[in-house]
Amino acid sequence: MRGLTVRWSLVDAPDGVEEALASYVAETSHARFTGMAGLAFKTWRMRRGEWFEGSYVFGSDEARAEFQRAFVETAAEAPGSQIIGSPPVLVEECDVVAIAEGWDGFSASSRA
């Protein structure tokens, strides 16, 4: 499995950006990625006042490469960049060695 991390800094982001990002994920982004061809799953992670990121796992090198190419070309205009006010500080490939589902299972909700 092929991973990709896209991270934005929230250090200089405007007040209320965390709530705006959470709303964007719940109202728009979650639906966009649900059922996306080539994508195994995506998680959205955030540390208030520090960073916001999308963590992607793709089923093939080709799927990751195509998504990464298209994203990098328009990163400054991406919805996350527009909400935060700056482009990502990191776009990094990785290999996903394994995924384990715990006893409590997996919830694919757009809001925790």
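Descriptive notes on the structure:
- Given [x] 8, 17, 18, 22, 19, 9, 5, 2, 0; [y] 13, 45, 35, 7; [z] 12, 27, 36, 22, 2, the label whose value is P(r) over Cα pairs in 10 Å bins from 0, in percent derived from this model: [y]
- Along the chain, longest interval not containing exposed chymotrypsin sites (Phe, Trp or Tyr not before Pro), exposed being DSSP loop plus at most 12 other Cβ atoms within 10 Å: 1-102
- Computed helical MRE - 222 nm, the chain, DSSP H runs ≥ 4 contributing -39500 (n - 2.57), nearest 500: -7500 deg cm²/dmol
- Applying the criteria of a DSSP loop state and at most 16 other Cβ atoms within 10 Å to the GluC sites (Glu not before Pro) of region 22-112 yields Glu50, Glu101.
- Judged by the gyration tensor of its Cα atoms, with axes a ≥ b ≥ c, region 31-91 is prolate; a/c meets the 1.5 cut and a/b is the larger of a/b and b/c.
- Projected label points at Arg69 and Ser86, each 7 Å from Cα along the beta carbon direction, are separated by 3.0 nanometres.
- Residues Arg2, Arg32, arranged from fewest to most other Cβ atoms within 10 angstrom of their Cβ, appear as Arg32, Arg2.
- With R₀ set to 25 Å, the beta-carbon distance separating Arg47 from Trp103 gives a calculated FRET efficiency near 0.45.
Throughout, read-outs are computed from the coordinates displayed, never taken from laboratory work. Note that the coordinates shown come from a computational prediction; the quantities given were computed from them, not determined experimentally. Virtual Cβ from ideal backbone geometry, glycine too; neighbours counted across all protein chains shown.
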